[in-house]
């Protein structure tokens, strides 16, 4: 649905944007290289040592110790692939939100997706544990629905208040919806203390999941979302010119905003559903690319996919090795690295503004 | 799409909110109506008890209006015959069935709600939300019996509750009976030819327990090796284990203490990616236990140990 609408809305490239930089192929290659290296690290490290030889043998279908093959195929490979999907989606959704709202602090959870997902997951964990709908566990379903409902609510509220004349109304609506959903979530958690540990581990995020099932579950949404945002990367560049100027160029700002928000929300809701609310990836990855490589969304969008995926796979390798054989929630690692970086971003944007 | 008459709807919303708020309050107060209690045989009061935490609590008269905010303490109080003196227990205290469960919370205690029962003794597991300070301000003796680390802690708490409620003789005989049952169970598990490995699961995100915990001590007594002990360096008591570590540790026995919270059983465990390779799953030695029994330190620990011991004997017989 999103993809067809997305394609139809792309107008002829406005002349004003002709001078915006394209993605340098060296950086594209560097991004791919980083992703491959991080995936290799992700596959090779873990609480159980499995040598390079065994991993290569397993990949080409050779003779491997059945215990090691089991761990690789059932647990480690799906986890790395899931890291790629989740990291890439969060980073690209964050970049898209920052573009649409022209707000450097925007992340994929800006319009309440995290609060909605947390509430949905908490309700499912507390009141319907172990239930499945059409063979899919109810927790990711509830999280997906919650995230979508929160963003839809924020969008409707923002529209009713400001008529979408400015992005600020939408952001404030998102803040209000998030606060409201968070309060309900806290209340449910408070009254259902038996499920507190599960809820806690869900909120901090983890890639410890149902293996390939989760990968297949989110793959369609992730592809659709990434494709829609990728197609709009030039229009995101156009939006940086300012709303009035862009409108005068004949670009339907509100429609672009709606499509990009829907696409980013779809992807975010899908990955949050299986991995919980992983913090900061959506902020630090796009900003690192802007600082180091370039501000054009033709650079930021594709590279966010590659570096976001690489970063999360690496963070997850840390999550399962730093305190092995115990696990750290992956959100702890992304935020631990993310917070100092965030400060650096704020300092540098202030320096640029002055 | 403007909102019409914002002032009017705000007023209506406020009125609805006020009505809802007041009704909740009324319902809560009705719940606080005290019930009468029968008296137990007299004992030697006043008594002074030194809590596990080091503080000394003096109880002047035999209490007849006991409020328990700890599910473990509730189970102990009823097991030593002090149940009739208990007028209210917290929302998590669901055993025994005749315990007077209320909305009171031991996690976020509300001093006024507790005071509404006019207790003459409050028993709790932890001092959260200035509970101790609040009760002392109201001149209500409060006894803290924190999470036990081993069976001896548990025995001590049972005896202290016996002393505090005037049921010392029953407390002593309960402890003696628990000791002899545990001793018999430990003896019944003959020294195995090889060390059996156990994985204890608290929930389906793989939180587990090490031997430093009360439940971990029970496994140790039964001669089992706990795979979670490998994680002690990072998390001394309740580590969240990596699934690949659990699979490669290949435990002989899996104990699911997440049958109520997360509806786990042999089938759901076998359906997890990679878990079919585990010895316990292959042989079907995946046993579900009551989540509550496995997270408390009351007299029912004996039932838990009996269930585990019977699994151990089955595994040894099959070997």
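Against the test of being closer than 24 Å to residue A:191 by Cα and within 14 Å of chain A (Cβ to nearest Cβ), the options B:105, B:130 yield a single qualifying residue, B:105. The set of residues in region B:237-248 being more than 8 Å from every other protein chain (Cβ to nearest Cβ) and either over 11 Å from residue B:206 (Cα atoms) or in a strand (DSSP E or B) (or both) consists of B:237 alone. For region A:192-211, filtered to residues that are within 8 Å of chain B (Cβ to nearest Cβ) and part of a helix (DSSP H, G or I), the residue that is nearest to residue B:105 (Cα to Cα) is A:193. Within region B:209-216, the presence of a residue that is within 12 Å of another protein chain (Cβ to nearest Cβ) and within 20 Å of residue A:75 (Cβ to Cβ) is excluded.
Out of A:120, A:146, A:169, A:112, one residue alone is surrounded by fewer than 19 Cβ atoms within 10 Å (Cβ to Cβ) and modelled with pLDDT of 80 or more. It is A:169.
Scanning region A:300-339 for residues that are surrounded by fewer than 23 Cβ atoms within 10 Å (Cβ to Cβ) and more than 24 Å from residue A:208 (Cβ to Cβ) yields one hit, A:302. Among the residues of region B:227-238, not one is touching a helix residue (DSSP H, G or I) at 6+ places or on another chain (Cβ under 7 Å) and buried (at least 24 other Cβ atoms within 10 Å of the Cβ). All conditions in (1) within 12 Å of another protein chain (Cβ to nearest Cβ); (2) surrounded by 22 or more Cβ atoms within 10 Å (Cβ to Cβ); (3) touching a helix residue (DSSP H, G or I) at 6+ places or on another chain (Cβ under 9 Å); (4) farther than 30 Å from residue B:161 by Cα hold for residue B:264, with the sole exception of (3).
Screening the candidates A:311, A:336 for the property of being closer than 28 Å to residue A:49 by Cβ, out of contact with any helix residue (DSSP H, G or I) (no Cβ under 8 Å at 6 or more places or on another chain) and more than 14 Å from every other protein chain (Cβ to nearest Cβ) yields one hit, A:336.
The number of residues in region A:71-125 being part of a loop (DSSP other than H, G, I, E, B) and either within 14 Å of chain B (Cβ to nearest Cβ) or more than 22 Å from residue A:311 (Cβ to Cβ) (or both) comes to 3. When the residues of region B:217-236 are filtered to those that are free of Cβ contacts under 8 Å to residues at least 24 places away in the same chain and out of contact with any strand residue (DSSP E or B) (no Cβ under 6 Å at 6 or more places or on another chain), the one that is farthest from the other protein chains (Cβ to nearest Cβ) is B:220.
With a requirement of 2 or more residues that are buried (at least 20 other Cβ atoms within 10 Å of the Cβ) and in contact with a helix residue (DSSP H, G or I) (Cβ under 6 Å, 6 or more places away or on another chain), the helices (runs of 4 or more DSSP H) lying completely within region B:131-196 that satisfy it span B:151-165, B:168-188. Here residue A:267 does not fit the description of being within 14 Å of chain B (Cβ to nearest Cβ) and within 30 Å of residue A:156 (Cα to Cα). Which residue out of A:284, A:330 is touching a helix residue (DSSP H, G or I) at 6+ places or on another chain (Cβ under 9 Å), on the phi < 0 side of the Ramachandran plot, in contact (Cβ under 8 Å) with a residue 40 or more places away in the chain and within 14 Å of chain B (Cβ to nearest Cβ)? Checking each option against the conditions leaves just A:330.
The values are calculated or read from the model by the stated rules, or taken from the named source; none is laboratory data. None of the values given here were measured: they were computed from a predicted structure. Glycine also receives a Cβ, built like all others from the backbone with ideal geometry; neighbour counts cover every protein chain displayed.
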